[in-house]
Amino acid sequence: MEATETKMIPIYIMGKRYEVPEGLTIMKAMEYAGYQYIRGCGCRGGICGACGTIYRKPGDYKIYSALACQTAAEPDMYLTQLPFFPANHVPSNYAELEGVPEDIYKLYPELFRCVACNACSKICPMDVPVMDVIAYIKRGDIEKAAFEAFDCIQCGLCTSRCFAEAPQFHIMQLARRIYGGKLAPKAKHNAEAAQAVREGKFDAMLNQLMSMSTEEIKKEYIEREIEPETAGDDWKPKDAKWLIEEFLR
Amino acid sequence: MGYPESLKNLIKKIEETRPDRVEKKKAGIEIPAMTLDERATLLEAHHPDCIPGTRRELKVGPSQGYAVAHEFADLLESKSRVDPDKVDLSQIDYETDVLVIGGGGAGTSAALLAQENGAKVILTTKLRHGDANTMMAEGGIQAADKLWKDSPGYHYIDTLGGGHFSNVPELAYRLVNDAPDVLHWLENLGMMFWKKPDGTMDTLPAAGFCRSRLHFAGDITGAEIMRVVRDEARNREEDITVLEFSPVIELILNENGQCAGALIYNMETEEYSIIRAKATIVATGGSGRLHIQNFVTTNHYGATADGIVMTYRAGLKLKFLHTLQYHPTGCVFPEQLEGLLITEKFRAAGSHVLNVDGEQFVYEREPRDVEAAAYIKEANERGKAVPRPTGGWGIWLDSPMLELIYGEGYIKREFPGKCKQFGRHGIDISKEPMIVYPTLHYQNGGVEFKETGETDIPGLFMAGEVGGGIHGENRLMGNSLLDILVFGRIAGANAAIYAKEKAQDGKMSLAHVNAYNKEVEEAGIETEVVSPMLLPNYIEKKVRDRQHSSHYVGNIR
Amino acid sequence: MKLSYLPGCTLKTKAQDLDLSTVAAMEALDVELEELPRWNCCGTVFSFADDDLMHQIAPVRNLIRAQEQGGDKLVTVCSFCFNTLKRASLLVKENSDKLDTLNTFMDEEEDYTGNINVVHLLEVLRDEVGWDQIEGKVQNPLKDLKVAAYYGCTLHRPKEAAIEPPNKLEALNDLITALGATPVDFPDMTTCCGSYQAVANPEIVINRTREILSSAKESGAEMIAVSCPLCECNLRENQKELGELRMPIIYFTQLLALALGVDPHLHQCEKNPADARSFLESKGLLAACTAAE
Ligand SMILES: Cc1cc2nc3c(=O)[nH]c(=O)nc-3n(C[C@H](O)[C@H](O)[C@H](O)COP(=O)(O)OP(=O)(O)OC[C@H]3O[C@@H](n4cnc5c(N)ncnc54)[C@H](O)[C@@H]3O)c2cc1C
Ligand code: SF4
Ligand code: SF4
Ligand code: FES
């Protein structure tokens, strides 16, 4: 099949005009133009937050944002990347935090300077409702804050726009960790299994398996009982060969 | 935006065959799955690992004679980026107890455990801390922690089965045994596992496992792990110094044959510096950006096999590096989404896999490697794959048929993320199929190391995707996030102990690099390549051809 | 009746009892307070600088949320939130140019039309429910309880934003009467508690507390009813050194809930020498509500 004739479009990288093929991501367009990334490029998959980009369009007052690796370059985009923005991370002794909102207030008192300008939510390329998350934290609702801020990839764009000069993504990270480790219900089954492992309860079983010949272990593999896809946590296997009695329910 | 006319015309063929295919599907009539023998024949003929002429035996180094992909061999049979004689090793820039190379999940967990065991740590990494494959893992992490129906024993059996029984048993033992504890550790660090209201962790079944034990945090499990451990490392900044954009170029040994640190390179100022360390941990991750056989990849920008190169030069052997994991359904169109993983859930739900004529050529639920080989056969041997506008081949994945089977709205409900991603580019995957092709996903093997995190070089430890043996010839989904944390923690703790108890002072040396360079020369290898590669170069060829001053000319490059 | 409600940050953290007793009591009066699904901190302190619109964004954004919810009123109970929101609502109502600027700035929101009436809970009780109605619903009359109604500053200053004419503050006393208790004649009902000076100049707050408590005591009061979490905190926290002057402080919504026979969310505080809960218990006024708990 003939390759379709690619249309070239103009883009302005930090004010300088380049012609790039239509349809490329901003990232690939910049590479096409001749930039080799050191900063501003990480996962190339929309999750690491290295490639935050700010742009404008002609005849439009608005500031737009994008992840360079995820967004197609458009004609006449006027863009720059913001690979880094200073944001103070305040160290804390996580183990000693009490799991209360005051943990966050003490470390980041500047969050109370938020004026609800919403510049943060508007710039966020992941659609995190940053202003609302800060509001949840102010009113002590850490669980809500943690889930609403779950998609944050810590690109720093919100922080670059903040009137309160608050490092929102560090604040939100702390909220998530406080929720995950101190407020969410603990997994008892996991603690029990971790304990069993530390006590060496599976050593004998694993040593036996490890000393098997390939033929023997193949047999175990082929004959093992498979949990049905939709079984759920209550499922009871018929075959308890490699289970430990005391943990059976 | 959307599919170009040429592809729209091809989609018509799919729409023609669709009603009949859907009828058959509803009636339970499937095209036959392959027998074990058929699978083996297909794999041998068409799996990228097996294609003749794509590998060659190494002419130099500790694994001389071992055949690896040309792209690996090109890097291994090359010279160092630096002339060791120009480096003044008496000028130490940084001193530390433990040096961790790589800021992914393996490296960061190693740094935390080394610190907890009393070491001062420097973590040096190529990109930003956390710009790593770990960040990209979506699916989840395996651990047998529901002991009423599961045990590390079953996890062990599954893991060996997945690895075609070639795994190093001691490594697999540690992997499965330490798994529950790793999750416990993550929970206590504040990771947001998805849970039931009573705290029971949600788990999912996954291909190749006999129990539902894939734990997750939304569909960004790796990112959640990465940002939690990274935040914790930042909390310990007094003991853990992080150097970003400073890849290691070579390891430094000492006169006692111990690893004594590394030579790092500031990619921005182009300056080299020397780190002296009592113990060193290599955690540099994988190699997708080598684009083996020109495959696109899911990997991050810095996955360029640097750790393999530097440790190989220092004398470590390779292990299972001949096998790579190709994910059958990588997105290849639109170009912006190239490399994006299309979840296995589409095939599990019954999306047909079709060639350019809209015909089925393989059952959609074969294992990953078999599925991938079948697509490649359709392209290379039968010439019936879908030609991509930007060159290369693709295979149709018929997502719209799921709407006919499960009812309108199914795709939007079950695949909201993918709908959004394609929607941005004007493709509605509930109405139009996707184009997929195998994508380079994971480095099953790597460099040889032990279950204690040690290697054959005293003072040199290893963890993560760079190491080989845990997964044998094939890794199962969710076992990799697990392995990087299990062995990251072990390597970190043992490196700290080594730094305290076993490290000796000794004159630092890069003699091994000189020796290697000489070996390359003596083997008659003529090459322009220098390694490690650090970053791929995606600059347009036309521009590259005009970059006449590739290095300093006058005052500026 | 359904009314949009903005509890405010303090009511979700330090003053949860105020929020919970408010919602419980209003439910007993068949008024559903519908919390705004999204709200921001009110802005805490009204900004005086005439052209400082930045600090009007937060309150006006909350007014937009109330507008989105469909009503024409926004109820608050925290005196500070009330004051900030009320004044912001008046500012933009009277200055259409400022409203335009704010609306243009918040280009991601629907325009605020200027029509949300910010009301304090006392106003709702007085105007929407009515003292007679309340009296009729009292299950547990607060007999023999002498209460000093303390307004503090923000419910009646400035006069444009006052819930009542500043020289005629009656609502709180009327409520106390409706609940079966006895309001006392209390000259310091509007003496400032010291407010945010608690942080920088704690002596000021201690002196003010002494002044207010002794005046209440002289008036024969047994406890002080407040509406503002900051007043509550200042007056309660600074009693330690005041010996004989000590006196329990209570939110008026807690008295309301108590009288209506629903959970007043009164928490025992062992450390507090003048604990409201123990005091009410000793007066035999808790029986009905402990049943409700
Ligand atoms: C898209 C995707 C999805 C995946 N999904 C899953 C999943 O669901 N479950 C699962 O278990 N696994 C999954 N994997 C695999 C898994 O994520 C990785 O194998 C694992 O995270 C590797 O961790 P690591 O720490 O070894 O390497 P990485 O996380 O890649 O970290 C390596 C680090 O080393 C740095 N580095 C490289 N070279 C140098 C150098 N010369 N000097 C200094 N630093 C250097 C890199 O910049 C990087 O920071 C997935 C992988 C990908 C790509
Ligand atoms: S919340 Fe801030 S740091 Fe996080 S993704 Fe959005 S803009 Fe980036
Ligand atoms: S940018 Fe800052 S001040 Fe503005 S809403 Fe967000 S957190 Fe508040
Ligand atoms: S490069 Fe990681 S988000 Fe774009």
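Observations, loosely collected:
- In the assembled protein chains, B:T284 presents an accessible area of approximately 40 Å² (probe radius 1.4 Å).
- Shielding value for B:137-147 is 4, the average number of Cβ atoms from other chains within 10 Å of each residue's Cβ.
- Within-11-Å neighbourhood charge of B:V168 [Cβ basis; K, R +1; D, E -1]: 0
- Residue-normalised accessible area of the protein assembly as shown, expressed per residue, 1.4 Å probe, Å²: 39 Å²
- Distance between the modelled labels on B:I497 and B:A67, one decimal in nanometres: 4.1 nm (7 Å Cα→Cβ projection).
- Spin-label model, B:E116 to C:I204: label points 7 Å out along the Cα-to-beta-carbon direction sit 4.9 nm apart.
- Nearest-ten-degree value, helix C:79-94 long axis tilted from longest Cα axis of chain C: 30 degrees
- At the residue level, B:C210 shows approximately 0 square angstrom of accessible surface with a 1.4 angstrom probe and all protein chains present.
- Selected from C:F105, C:L18, C:L36, residue furthest toward positive end of dipole (segment C:2-121; charges at beta carbon): C:L18
- When the GluC sites (Glu not before Pro) in segment C:207-290 are filtered for DSSP coil states and for at most 16 other beta-carbon atoms within 10 Å of their beta-carbon, the remaining sites are C:E270.
- Qualifying GluC sites (Glu not before Pro) in segment A:153-235, DSSP loop, other Cβ atoms within 10 Å at most 15: A:E165, A:E199, A:E225, A:E229
- For the peptide B:168-179, the mean number of other protein chain Cβ atoms found within 10 angstrom of a residue's Cβ is 3.
- With the highest mean first, a sort of the peptides C:22-29, B:93-100 on other beta-carbon atoms found within 10 angstrom per residue produces B:93-100, C:22-29.
- Partnerless cysteines, meaning none of the other Cys C-beta atoms lie under 4.7 Å away, in chain A: A:C41, A:C51, A:C69, A:C114, A:C117, A:C124, A:C152, A:C155, A:C162
- Chain A, Rg to Rh (Cα coordinates; Rh as Kirkwood inverse mean 1/r): 1.14
- Accessible-area composition of segment C:54-154, carbon plus sulfur, in percent [1.4 Å probe]: 44 percent
- A:Y61-A:E110 FRET efficiency (beta carbon distance; Förster radius 30 Å; 0.05 resolution): 0.60
- Qualifying trypsin sites (Lys or Arg not before Pro) in segment A:23-86, where qualification requires a DSSP coil assignment and no more than 13 other C-beta atoms within 10 Å, comprise A:K62.
- Helix C:16-28 axis, angle to chain C major axis (alpha carbon atoms, nearest 10°): 90 degrees
- Counting only residues at least eight positions apart within a chain, or on another chain, the aspartates and glutamates with an alpha carbon under 12 Å from that of A:K122 are A:D132, C:D107, C:E108, C:E109.
- For the protein assembly as shown, share of DSSP beta bridges that run antiparallel, in % to the nearest 5: 55 percent
- Peptide B:533-540 has a mean of 5 when you count, residue by residue, the C-beta atoms of other protein chains within 10 Å of its C-beta.
- Gain upon complete extension [B:S6, B:R236; 0.36 nm per residue less C-alpha separation]: 77.2 nm
- Accessible carbon and sulfur surface of segment B:366-449 relative to its total accessible area, %, 1.4 Å: 50 percent
- Chain lengthening between B:D219 and B:R413 when straightened (0.36 nm per residue, less Cα-Cα): 68.4 nm
- Distance between the 7 Å Cα→Cβ label points at B:E30 and B:N514: 6.3 nm.
- Chain B: angle of helix B:368-380 to the longest principal axis, Cα-based, in degrees nearest 10: 70 degrees
- Segment B:384-393 - phi-based ³J(HN,Hα) in whole Hz, Karplus 6.51/-1.76/1.60, Gly and Pro as x: 10, 7, 8, x, 8, x, 8, x, x, 10
- Applying 1/(1 + (r/R0)^6) with r as the Cβ-Cβ distance of B:T527 and C:Y196 and R0 = 60 angstrom yields a FRET efficiency of 0.25.
- Cβ-Cβ FRET estimate between A:A204 and A:D233, R0 fixed at 35 Å, reported to 0.05: 0.85
The values are calculated or read from the model by the stated rules, or taken from the named source; none is laboratory data. Being a predicted model, the structure only gives us computed values, none of them experimental. Cβ: placed from backbone, ideal geometry, glycine included. Neighbour counts: every protein chain shown. These accessible areas exclude ligands, DNA and RNA; they are computed on the full protein's heavy atoms, side chains included. Shrake-Rupley method; radii C 1.70, N 1.55, O 1.52, S 1.80 Å.
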